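The values are calculated or read from the model by the stated rules, or taken from the named source; none is laboratory data. The structure presented is a predicted model; accordingly, all values stated were derived computationally and were not measured. Virtual Cβ from ideal backbone geometry, glycine too; neighbours counted across all protein chains shown. Accessible surface areas use protein heavy atoms only, side chains included; no ligands, DNA or RNA. Shrake-Rupley method; radii C 1.70, N 1.55, O 1.52, S 1.80 Å.
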Amino acid sequence: MVVSVVLPVGCHPIELVVDDGMASATNALTVEVITTAEATRRLIEQAQTEWRRSQPQVATLRAALHAIERGDEIPAINQLRAFQNKVRAQVGRLDPALAASLIEMAQEIIDALSM
């Protein structure tokens, strides 16, 4: 069975119970739902923490954050794509793993804004 649930922003405990009549198992987890603005703030924090020369990237992320806060998805997406390009050019050649992580986080925000 597939269940799809839309959750509001916040932390939500979820319990998965599987029972086929012969055996059963339970798993519990907590899902945190955040806004695209909060995701962008976390990306800014990670960039600042992980990359000592993050000022150009952070400036681009701040522009994206301001666009998100205004409700302007297209400019926000454009800024996030610019951030990805800067990371590829400036971080990727020195720390490919960090670059991949930052680019993936930005892509997740882009995907959420594109829905």
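Quick notes on this structure:
- Any chance LEU7 is surrounded by 11 or more Cβ atoms within 10 Å (Cβ to Cβ) and in contact with a helix residue (DSSP H, G or I) (Cβ under 9 Å, 6 or more places away or on another chain): no
- Just one residue in the set VAL87, VAL3, VAL9, VAL17 is under 18 Å from ALA112 (Cβ atoms) and either of a type outside the set (Lys, Arg) or modelled with pLDDT of 95 or more (or both); that residue is VAL9.
- Among the criteria (1) over 30 Å from LYS86 (Cβ atoms); (2) touching a residue at least 12 places away in the same chain (Cβ under 8 Å), the one THR40 does not fulfil is (1).
- When residues of segment 18-28 are limited to those that are in a strand (DSSP E or B) and open to solvent by less than 90 Å² (accessible area, probe 1.4 Å), the one nearest to MET105 (Cα to Cα): ALA28
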